[in-house]
Amino acid sequence: MKRGITVLAAVCLLAAGVYFAISKWGISHETLNLFDASRQRPVAVDLAVRRDYELKADDGFWKLPVAIISNGNTVKNTEYSFLANVLAARGYLVASIQQDLPTDPPLMTKVGMPYVGRLGVYEKGEANIEFVLGELKKRQPNADYDHLTLVGHSNGGDISMYYAKQHPEQVAKVITLDNLRVPFVLSDKMKILSFRSSDPNFKTDPGVLPDPERAKEDGIDIVHTKYQHTWMSDRGPDAVKEKIQATLDQFLGGATSSDLSAAPTDKPLISSLGPGPYP
């Protein structure tokens, strides 16, 4: 009996060691401190990629799909590792861009102006993405830069949606976490998944979300949650991040709306990740 317990304990320790090794060595992270001389602007990027897929790409046996993550205002680009790891685990080359700098002026809201006066912010974000893509092409030529996956939280989600509007031929998927200002791209050629908070301090502007009929027509998946706006980053509770990860993984795997939600198939995806418990 004691021997059996000892063997079981050894197996558990071995399994834990293997899991630790995979999590530690399976996905590499690299920080790039880039500088866009044309705009005199530093652009920090955190790269994440699975080592085995990167080796296959280097040997010409694999073309890495590319995902760009844009941070929410005042959140660090490194605070979306829970999203970057899901994407990297599926073979993506993931670039998390620091979209805002401490020296940037604070976000202002000007009612009546396009995107409540934030058009310049989104254009700057678009330029950051274009610059980073140019740098990535030099470093990793064996990647697919023609079918991008864009991911963004809050202001970063608006930057992602704005970039998709400007470059629809280059973007295959958009995943937003509570973007509030830029209306969704309406196209059945682009897959869109959006997690929405129920945070009273962050209200989505009118016209941002498509009506249910159009969402169904274009295959836009909208996941309504009980989460706070700021939980949709590494700062959020583990239970929240795990549920977002699971839904994102299904979406990346080609799950249909009915796979992601128990909602009837004659309705667009309106899922509920909850109820809690929530802190």
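Quick note: the coordinates plus some simple rules give every number you see, no bench work behind them. Given the structure is predicted, the values throughout are model-derived calculations rather than measurements.
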Cross-link partners of K56 among lysines (Cα-Cα below 28 Å; sequence separation of 8 or more within a chain): K24, K137, K138, K173, K191
Alpha-carbon centroid distance for the pair region 46-116 / region 158-224, whole angstrom: 17 Å
q = 0.07, 0.10, 0.14, 0.16 Å⁻¹, region 28-273: log10 I(q)/I(0) [Debye, one scatterer per Cα]: -0.21, -0.44, -0.90, -1.20
Long-range HN-HN contacts of N179 with modeled amide H, under 5 Å: S154
Hydrodynamic radius of region 32-111 per Kirkwood, over alpha carbon pairs, in Å: 14.1 Å
Equivalent ellipsoid semi-axes - Cα gyration tensor, region 189-244, angstrom: 23, 14, 8
